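The values are calculated or read from the model by the stated rules, or taken from the named source; none is laboratory data. Model, not experiment: these values are computed from the prediction. Cβ: placed from backbone, ideal geometry, glycine included. Neighbour counts: every protein chain shown.
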Amino acid sequence: MTAPFFDPFALGDDPFAHFAEMRALGGIARGAAPYPQLADAHYVFSHELVSRVLKHPALLQAPPGRYEEVRRKLVDQAPMALLSRSVMLADPPQHGGLRRPVAGFLSRPTVEALTQGLRALSRELVDRAMADGRIDAVAGLAVPVSFWLLQEIMGIEIEDPWALKSVTSRMAGAFDLRTDQPPAASAAAYGECRAFVEERLAQQAFRPDGMVARMAREVAEGRWSREDMVANVVFMLFAGQETVVDAFGNAVVALHRFPEQRTLLERRLVDWSSAAAELLRFGASVQYAVAR
């Protein structure tokens, strides 16, 4: 049986019917490559297959061959050279060394405390919106909530969230799969974000109970390089709120486009936990992951 052909760039704004078709045909498809330098690629569409692929020892971030050449070209670009040192883009054994100090950070008590803080902040923002009679869902909810959470987890102060949000939004251009080179504005934004991180680290402007402090201890004890720490802080500042803001905005749009689904929530026929899981699936911030 020949694997079906899949073109991720020809699906328009509603790819889910095509995703379902690919799953029904076996969940694996040959298709147009995400990078211009590659002739073709293979895609997997089910949670089970993705999990197996990500854990397979033969499927590294940059397996030998043509993909390794593409990876090397990407890493030659300043933004990706930095992010390639982050835990998300690292292969074993480096991945394990980078993951270890942060893996146990979100313990049950920590998560419970963060949850209570998020609820209190969200209630305050919603009450303010109700009093005003209107709200910008992204500016008034998603951005302040995501930056508060990021500050609490990382243990650093972000005095001007909107300035950093502007930087990280421009950084996202480096991930456009259809371009050979990232936009100049994207490369400049990475430099700005790195400078922000370097300034915080130089002044030791982070709390002792945050994730950045854990990273600093890894550097002090010789298990991480300073470049590893800078890369992972930059990555978390970028991905830690861009994805949250995008997912929140996507959820609001989805509930607006499908009012019958919103009605199920309003009538409490569906609980919010189930709805959140489905909205994250339907309106995921990153629809295509091409790390391997």
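Residues of the range 242-260 being in contact with a helix residue (DSSP H, G or I) (Cβ under 8 Å, 6 or more places away or on another chain) and more than 17 Å from residue 166 (Cα to Cα), which ones?
Within the range 242-260, the first condition is being in contact with a helix residue (DSSP H, G or I) (Cβ under 8 Å, 6 or more places away or on another chain), and the residues that meet it are 242, 244-245, 247-252, 254-256.
Selection gives 247, 248, 250, 251, 252, 254, 255, 256.
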Does residue 184 qualify as being without any contact (Cβ under 8 Å) to a residue 12 or more places away in the chain and under 27 Å from residue 37 (Cα atoms)?
yes
Among the numbered criteria (1) surrounded by 18 or more Cβ atoms within 10 Å (Cβ to Cβ); (2) under 21 Å from residue 98 (Cβ atoms); (3) of a type in the set (Ser, Thr, Tyr), which one does residue 186 miss?
(2)
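Does the range 223-246 include one or more residues that are acidic (Asp, Glu), out of contact with any Cys (no Cβ under 6 Å at 6 or more places or on another chain) and without any contact (Cβ under 8 Å) to a residue 12 or more places away in the chain? Reasoning before the result, please.
Of the range 223-246, the ones acidic (Asp, Glu) are 227-228, 242, 246.
Restricting the remaining residues to those that are out of contact with any Cys (no Cβ under 6 Å at 6 or more places or on another chain) gives 227-228, 242, 246.
Next, from what is left, pick out any that are without any contact (Cβ under 8 Å) to a residue 12 or more places away in the chain: none.
No, because not a single residue in the range 223-246 is acidic (Asp, Glu), out of contact with any Cys (no Cβ under 6 Å at 6 or more places or on another chain) and without any contact (Cβ under 8 Å) to a residue 12 or more places away in the chain.
Could you say which residue among 145, 167, 126 is under 24 Å from residue 229 (Cα atoms) and either part of a helix (DSSP H, G or I) or of a type in the set (Phe, Trp, Tyr) (or both)? Talk me through it step by step, then tell me what you get.
Values: 145 fails: under 24 Å from residue 229 (Cα atoms); 126 fails: under 24 Å from residue 229 (Cα atoms).
The match here is 167.
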Residue by residue through the range 212-226, note down the ones that are of a type outside the set (Val, Ile, Thr), in contact with a helix residue (DSSP H, G or I) (Cβ under 8 Å, 6 or more places away or on another chain) and crowded, with 16+ Cβ neighbours inside 10 Å.
214, 215, 216, 218, 224
Given (1) of a type in the set (A, V, I, L, M, F, W, C); (2) out of contact with any Asp or Glu (no Cβ under 7 Å at 6 or more places or on another chain); (3) surrounded by fewer than 16 Cβ atoms within 10 Å (Cβ to Cβ), index of the condition residue 114 fails:
(2)
Take the residues in the range 27-43 that are at negative phi and small (Gly, Ala, Ser), then tell me which one is farthest from the chain's Cα centre (by Cα).
39
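Here's the yes/no breakdown for (1) modelled with pLDDT of 80 or more; (2) touching a helix residue (DSSP H, G or I) at 6+ places or on another chain (Cβ under 6 Å):
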position: 65; (1), (2): no, no
position: 100; (1), (2): yes, no
position: 118; (1), (2): yes, no
position: 124; (1), (2): yes, no
position: 137; (1), (2): yes, yes
position: 142; (1), (2): yes, yes
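Out of curiosity, is residue 150 at pLDDT 90 or above, among the hydrophobic types (A, V, I, L, M, F, W, C) and surrounded by 17 or more Cβ atoms within 10 Å (Cβ to Cβ)?
Details: at pLDDT 90 or above: yes; among the hydrophobic types (A, V, I, L, M, F, W, C): yes; surrounded by 17 or more Cβ atoms within 10 Å (Cβ to Cβ): yes.
Against the criterion (at pLDDT 90 or above, among the hydrophobic types (A, V, I, L, M, F, W, C) and surrounded by 17 or more Cβ atoms within 10 Å (Cβ to Cβ)), residue 150 qualifies.
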